[in-house]
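What follows draws every value from the coordinates through simple rules; no lab data is involved. Computed from a prediction, not measured in an experiment: that's the story for all the values here. Methodologically, a virtual Cβ is constructed for each residue, glycine included, from the backbone with ideal geometry; neighbour enumeration extends over all protein chains shown.
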Amino acid sequence: SRDEKTVPKNWQVWVSGKGEKQHKGVRVGQNGGNVYAEISNSFNETKYDYMFSENVGLNAMFNMIGHYSVSRVKDKYYFNASSAGTTSAKSQGDVTFQGNAIMMVNGKMVSSTPFVYSQGYNTSFPDGFSNLGGVSFELPTSGTVMINLEFNYHIIFGSAGQNHSSTMTIPVYIRTVGLPRN
């Protein structure tokens, strides 16, 4: 058995069936909540699409690039993301892009946060990409978490005001250190 004073404060302690205190070796977050793996990743995804319109066809596909991360600030964990999109079809009309980060906890949607381009800090993206801005929110202290980055574009073209839209979802599995707390 280990003396409680030798176990770091932020490590989970449990009592065995014999009444001995032992440690699991897993840091626990504030109030014994989830401890998330801190990550930083980029993505570059293409959705192939077809539009029945002259000069468009397969050019209706679109591409999304961006970054996402999980970071810890003062015992709280945050999900952050930024993104930009482009399509070859933009030469045929007016294109708008939108994005949302949809948080799922234990398989249920709990929030949908839109990407926002603000006057503050924004990530730079290559020429030809429309910057959607960013999103940031606190992760829950319990449950199994998944974030779906959902992007879409809408194009209006031609003298008759034809339109087309398409959607893509990028799943981000938020890993915990040890089992998620429920």
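Among Thr87, Thr123, Thr176, Thr96, sorting on how many other beta-carbon atoms sit within 10 Å of each Cβ, with the fewest leading, yields Thr96, Thr123, Thr176, Thr87.
Neighbour counting of Cβ atoms within 10 Å sorts the residues Tyr153, Tyr68, fewest neighbours leading, into Tyr68, Tyr153. Less than 5 angstrom separates the built amide H of Arg175 from those of Ala37, all sequence-distant by 5 or more or on a different chain. Comparing region 89-175 with the 2.2 N^0.38 Å rule of thumb, its C-alpha radius of gyration ratio is 1.32 (two decimals).
Residue order for Asp75, Asp127, Asp94, Asp49, fewest other beta carbons within 10 angstrom first, comes to Asp127, Asp94, Asp75, Asp49.
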